[in-house]
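*Asks:* Here it is, the structure, as structure tokens.
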Amino acid sequence: MLSSPTLLSILSVFVVSAVSLIGMTTFVLREHLIRRLLLTFIAFSTGALLGDVFIHILPEMAMQSSGLATQFLLVLAGMLLSFIIEKGIHWRHCHCSALPERSGHIHPVGIMNLIGDGLHNFIDGALIAGSYLISPQIGLATTIAVLLHEIPQEIGDFAILLFSGFSTRRALLLNLLTACIAFLGAAIILMTAKSVPLLEWVLLPVAAGNFLYLAGSDLIPELHKESRPSHAVLQLITILAGVGVMQLLKVVSI
């Protein structure tokens, strides 16, 4: 019988992976509406990522008390690891780019995007599983933060695949297959948790560093592309709403 962290991890990764199908919205909604919705999701997921770090992950690290200085170094390592991955394989999210027409051949950027997305999803699965090993509360908060970030990313990834020359059906299938790599990341963490001492103790700060990097280098710069004051106020409110969801999870679980 599946243990609770295992079952929760599998269910969470399944939900996150299913978001890869959201790329189909590019055929249903007009581009200007997609842009508006993407900015809303980006702002909300920024708040959720930051809220998860400062409301759930860092306090949990502080409660563990021993080796806190080392864990803060692991937070930094998580940020640097995200930077290395982004530089090493040219990982691009393309949240708000135009949704171009499909070209007649397979462009290398599509293959590169699939490789980067697969690695990204592997890390997401590992972080979700590692979070559930700490507690259901941390796991749920991390799942929500990852899920909200996946929505704008998957729409952008789908647009990139179409632009690179893939057919609609093939783009959806490849996006779904790369999303399922998250199961591999989760499985490796769950299978090695008992044999590798303090694995979750390492994954928690690495997750914090990864989320801080995503929020600071990936999401917030996208928000700065919209400079109108009224939109800036709306973005701030939406970011605070994302933080509020994380705080609500904290309160409900107490």
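The values are calculated or read from the model by the stated rules, or taken from the named source; none is laboratory data. In this text the structure is predicted, and so the values were computed from the model without any measurement. Reconstructed Cβ throughout: ideal geometry from the backbone, glycine too, with neighbour counts over all protein chains shown.
*Asks:* Considering only region 129-143, I want to know if a residue exists there that is buried (at least 20 other Cβ atoms within 10 Å of the Cβ), under 14 Å from Ser12 (Cα atoms), at pLDDT 90 or above and in contact with a His (Cβ under 7 Å, 6 or more places away or on another chain).
*Replies:* Scanning region 129-143, I find at least one residue that is buried (at least 20 other Cβ atoms within 10 Å of the Cβ), under 14 Å from Ser12 (Cα atoms), at pLDDT 90 or above and in contact with a His (Cβ under 7 Å, 6 or more places away or on another chain), so the answer is yes.
*Asks:* Next question, about the same structure. Filter region 4-33 down to the residues that are among the polar types (S, T, N, Q), modelled with pLDDT of 90 or more and within 17 Å of Leu177 (Cβ to Cβ) and list them by number.
*Replies:* Ser17, the sole residue that qualifies.
*Asks:* Can you tell me which residues in region 68-123 are outside any helix (DSSP H, G or I), small (Gly, Ala, Ser) and either modelled with pLDDT of 55 or more or within 25 Å of Ile144 (Cα to Cα) (or both)?
*Replies:* Listed by number, the list holds a single entry, Ser97.
*Asks:* Here's a follow-up. Check region 234-247 and report whether any residue there is part of a helix (DSSP H, G or I), β-branched (Val, Ile, Thr) and without any contact (Cβ under 8 Å) to a residue 12 or more places away in the chain.
*Replies:* Yes; the residues of region 234-247 include at least one that is part of a helix (DSSP H, G or I), β-branched (Val, Ile, Thr) and without any contact (Cβ under 8 Å) to a residue 12 or more places away in the chain.
*Asks:* Within region 144-177, which residues are surrounded by fewer than 23 Cβ atoms within 10 Å (Cβ to Cβ), of a type in the set (Val, Ile, Thr) and more than 25 Å from Met63 (Cβ to Cβ)?
*Replies:* Ile151, Thr168
*Asks:* Any chance you could count how many residues in region 176-195 are under 17 Å from the mean Cα position of the chain (by Cα) and among the polar types (S, T, N, Q)?
*Replies:* Within region 176-195, residues that are under 17 Å from the mean Cα position of the chain (by Cα) and among the polar types (S, T, N, Q) number 1.
*Asks:* Another question, if that's okay. Limited to region 47-73, what total is found for residues that are more than 17 Å from Thr143 (Cβ to Cβ) and in contact with a Leu (Cβ under 8 Å, 6 or more places away or on another chain)?
*Replies:* Residues meeting the conditions: 3.
*Asks:* Got at least one residue in region 215-236 being within 19 Å of Gly118 (Cβ to Cβ), in contact with a His (Cβ under 8 Å, 6 or more places away or on another chain) and among the charged types (D, E, K, R)?
*Replies:* yes
*Asks:* Something else now. Counting residues that are among the small types (Gly, Ala, Ser), which helices (runs of 4 or more DSSP H) fully inside region 124-232 reach at least 3?
*Replies:* Fully inside region 124-232 and qualifying: 136-163, 181-192, 199-213.
*Asks:* Looking for whichever is within 20 Å of Leu81 (Cβ to Cβ) and in contact with a helix residue (DSSP H, G or I) (Cβ under 8 Å, 6 or more places away or on another chain) here; the options are Ile188, Ile239. Which one fits?
*Replies:* Of Ile188, Ile239, the one residue that is within 20 Å of Leu81 (Cβ to Cβ) and in contact with a helix residue (DSSP H, G or I) (Cβ under 8 Å, 6 or more places away or on another chain) is Ile188.
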